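Only one structure is covered here, and it is reproduced in the block below.
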Amino acid sequence: MPIPDLRSTFFNLADDSDVIIVRFDVPRLNDEENIEMLGEELFSLVQNYHCRKMVINLATVNYLTSSVLGKLITLHRRLHRNDGRMVICELQPTVEDLMSTSKLLTYFNVSSVESEAVAFLKD
């Protein structure tokens, strides 16, 4: 799948065959006004660009709010409704703790490294 022509202030995109990789560029995702824009950009990958296999790489993110978790849950649901799948990878300890407390480590497919996440989606 070619990389969607989407410019984001939050992330950059890469592809590996039919898997789109979303790599975040910002260390903190906590500005509520911008979180709405983040959600719109992520959701457009499914709605407008028809992405069905997505890796969300959070290696650079050391803080995020529950609103961001909500956007990731919504993204996961939208992908699932469109026969898609998503893997979150490379969690920083603070983000992993938050997701563990929220019981989201069992809700999402999670991988320690990006290459494993991509391989999982290719199977």
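The values are calculated or read from the model by the stated rules, or taken from the named source; none is laboratory data. Given the structure is predicted, the values throughout are model-derived calculations rather than measurements. When we count neighbours, we look across all protein chains shown, and the Cβ atoms used for this are built from the backbone with ideal geometry, even at glycine.
Numerical summary
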| item | result |
| --- | --- |
| Boolean, S67 is touching a helix residue (DSSP H, G or I) at 6+ places or on another chain (Cβ under 7 Å), small (G, A, S) and at positive phi | no |
| Residue match in the stretch 77-100 (condition: more than 22 Å from N30 (Cα to Cα), free of Cβ contacts under 8 Å to residues at least 24 places away in the same chain and either of a type outside the set (K, R) or touching a Gly at 6+ places or on another chain (Cβ under 8 Å) (or both)) | yes |
| Counted residues, the stretch 57-99 - those being under 22 Å from V118 (Cβ atoms), among the small types (G, A, S) and either surrounded by 15 or more Cβ atoms within 10 Å (Cβ to Cβ) or at pLDDT below 95 (or both) | 1 |
| Residue within the stretch 59-71 that is farther than 22 Å from D97 by Cβ, of a type in the set (K, R), out of contact with any Ser or Thr (no Cβ under 7 Å at 6 or more places or on another chain) and in contact (Cβ under 8 Å) with a residue 12 or more places away in the chain present | no |
| Count of the stretch 1-44 residues which are more than 14 Å from T65 (Cα to Cα) and either in contact with a Pro (Cβ under 6 Å, 6 or more places away or on another chain) or among the acidic types (D, E) (or both) | 7 |
| Selection count where residues are assigned to a loop (DSSP other than H, G, I, E, B), of a type in the set (G, A, S), in contact with a strand residue (DSSP E or B) (Cβ under 9 Å, 6 or more places away or on another chain) and within 22 Å of F43 (Cβ to Cβ), scope the stretch 74-122 | 1 |
| Residues of the stretch 101-123 that turn out to be in contact (Cβ under 8 Å) with a residue 24 or more places away in the chain and closer than 17 Å to V19 by Cβ, as a count | 11 |
| Check on D16, surrounded by fewer than 18 Cβ atoms within 10 Å (Cβ to Cβ), of a type in the set (D, E, K, R) and closer than 21 Å to V113 by Cα | yes |
| Qualifying residue in the stretch 81-93 (condition: among the small types (G, A, S) and touching a Cys at 6+ places or on another chain (Cβ under 6 Å)) | no |
